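Student: Sharing a structure with you now.
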Amino acid sequence: MTSGGRLIKLARTRQLYTGEPFHVAKETVRGGNNRSPLPVASVRQARLEAETFAKLCGGGQWWAHPFGIASVQAEAKSAVVYLDSHTTFRSGDPYPRSAHALDDLLPGAELGVQVNGIVGLRVAGIEGPDLHLTLAGGECHLILRGTAGTDWAEELDERWHRLEKAGSPPLWQEPQLTSHEETHIRDYPRVWRAHRGLDWLGSALLRRIAVFHTSSTAYSSRSWIHDDEWIFELDTVRGIKLDHDAFLSRLMDPLWGIPLRIHSQHCSCDPDHQLGHSTYTLQCTYHLAHPDTNGRGGLQLRFRHGPGAYSGGTRSTLERLGSPAKWLDRVLPKSSPDVSSSPDHERTSRSSREEGGS
Ligand SMILES: [Zn+2]
């Protein structure tokens, strides 16, 4: 292969993981270290990225891309997260993704010792569509890049006043870790330790965010942390082949992927086996862990296959939010039952968290 051809191939592979535009991916691989193409975050950086991802990736709404993140560009000590423009809740009302992110991320103290949002998160500045974030103590840097017209200053101001009015001190401008935050860490030591054990994984997943739309057959992705496991529930609609092996091999690719091995699995899919009744959902469950952890903690992937998990009209919702047509045609084609049912069709299946998501 010519060097030009190799460059294009590398750039296309990079796009599958990061979601960057082709010209950006091409410039990055031209000047980068292609033996280690997606750098590992430093410890502080991994914590900032993992906590941000954990807050952004819950269910309950739809976005143009899974988790409302279009792409990510990352280096060892910094990352840029490109947000989608809007989210939609079950009510169907659009809400700016930037506002939604701040609702989940910004730390505020409640009476007592509870801290909502990310403990230690600090706003370092605003430059146009970019909100610069760090942790108290620095040594890490994450940029949330909003779409055109995002007014971070106004969004922050609104939340500041709302929290103050509620008697809940906003913490994101404090220079040091506050006593509220120190007490929070002290009062929840088990949860704190479990989450810190998953920082490397959350960061590695965020840095490969695009695999959830380029390499998965799921049209709906949700995620949460339970104990020492980061759980993903990925729904593939009936009529589309549930190809979890392709997703797993992309995720665990020796060069571009995450150092994980399959610790246990329970596979329910079988090409010769029919799904059964139209309301029946199959689930293949994979537990993946870092090779050094003897299977403790890690990643649990639930590949679900069945009828549309939520009420009908999902495709038109995703189209309105700006989902790429090519992706929709692959994971939620117009002929799929979920699309042809009416928007107010009764829900036929529910996630184990009783939440929607994309
Ligand atoms: Zn399976």
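Just so you know, all these numbers are worked out from the coordinates, no wet-lab data involved. These figures come from a predicted structure and were not determined experimentally. In this analysis, Cβ positions are derived from the backbone assuming ideal geometry, glycine residues included, and neighbour counts consider all displayed protein chains.
Student: Which lysines, on any chain, are close to K334 with Cα under 27 Å apart, when same-chain ones fewer than 8 places away are left out?
Tutor: K241, K326
Student: Next up: Angle, helix 152-165 long axis vs. longest principal axis of the chain, Cα atoms, 0 to 90°, nearest 10?
Tutor: The two axes meet at around 70 degrees.
Student: Roughly how many nanometres apart are two label points built 7 Å out from the Cα toward the Cβ at S42 and V24?
Tutor: Placing both labels 7 Å along Cα→Cβ, they lie 2.3 nm apart.
Student: Give the calculated FRET efficiency between E110 and S3 to the nearest 0.05, with a Förster radius of 45 Å applied to their Cβ-Cβ distance. Walk me through the numbers before you get to the answer.
Tutor: Values: r = 58 Å, r/R0 = 1.28.
That pair, E110 with S3, gives E of 0.20.
Student: Could you please rank E20, E51, placing first whichever residue has the fewest other Cβ atoms within 10 Å of its Cβ?
Tutor: Least crowded to most crowded, the residues run E20, E51.
Student: Please work out how much length the chain gains when fully extended from R320 to I126, using 0.36 nm per residue of separation minus the C-alpha to C-alpha distance, in nm with one decimal. Walk me through the intermediate numbers first.
Tutor: On the way: separation 194, 0.36 × 194 = 69.84 nm, distance 2.87 nm.
Length gained, R320 through I126: 67.0 nm.
Student: Could you name the lysines whose alpha carbon sits less than 27 Å from that of K165, not counting residues in the same chain fewer than 8 places away?
Tutor: The reachable lysines, counting only those whose Cα sits under 27 Å from K165, are K55.
Student: Along Cα→Cβ, 7 Å out, is where each label goes; now give me the distance between the ones at D157 and K55 in nm to one decimal.
Tutor: So the label points at D157 and K55 sit 2.1 nm apart.
Student: Could you work out the relative contact order of region 58-107, using alpha carbon pairs under 8 angstrom and six or more residues apart, expressed as a whole percent?
Tutor: Working: 63 pairs, mean separation 14.8, N = 50.
RCO, region 58-107: 30 percent.
Student: Amide H of H86 versus every other amide H placed in the peptide plane: which residues, excluding those fewer than 5 positions away on the same chain, fall under 5 Å?
Tutor: Those lying under 5 Å, H to H, from H86 are A64, R97.
Student: Taking the Cα centre of each part, how many Å lie between region 233-266 and region 127-154?
Tutor: 32 Å
Student: Quick one: check the C-alpha center-to-center distance for region 48-101 versus region 7-47, whole angstrom.
Tutor: If you average the Cα positions of each part, the centres end up 20 Å apart.
Student: What are the residues whose amide H is under 5 Å from the amide H of H141, where those residues sit 5 or more places off or on another chain and H is modelled from the backbone?
Tutor: Result for H141 returns A79.
Student: What list of ³J(HN,Hα) couplings, whole Hz, do you get for region 319-325 from phi and the Karplus terms 6.51, -1.76, 1.60, once you set θ to phi - 60° and write x for glycine and proline?
Tutor: 4, 4, 7, x, 4, x, 4
Student: Among I185, I69, I258, I118, which comes first, then next, by fewest other beta-carbon atoms within 10 Å? Please report the intermediate quantities before stating the final value.
Tutor: Numbers: I185 16, I69 26, I258 20, I118 23.
Taking fewest neighbouring Cβ atoms as first place, the list is I185, I258, I118, I69.
Student: Step through the residues of region 20-31 one at a time and calculate ³J(HN,Hα) from phi using the Karplus curve (6.51 cos²θ - 1.76 cosθ + 1.60, θ = phi - 60°), rounding each to whole Hz and writing x for Gly and Pro.
Tutor: For region 20-31, the Karplus curve yields 5, x, 4, 5, 6, 4, 5, 5, 5, 6, 5, x Hz.
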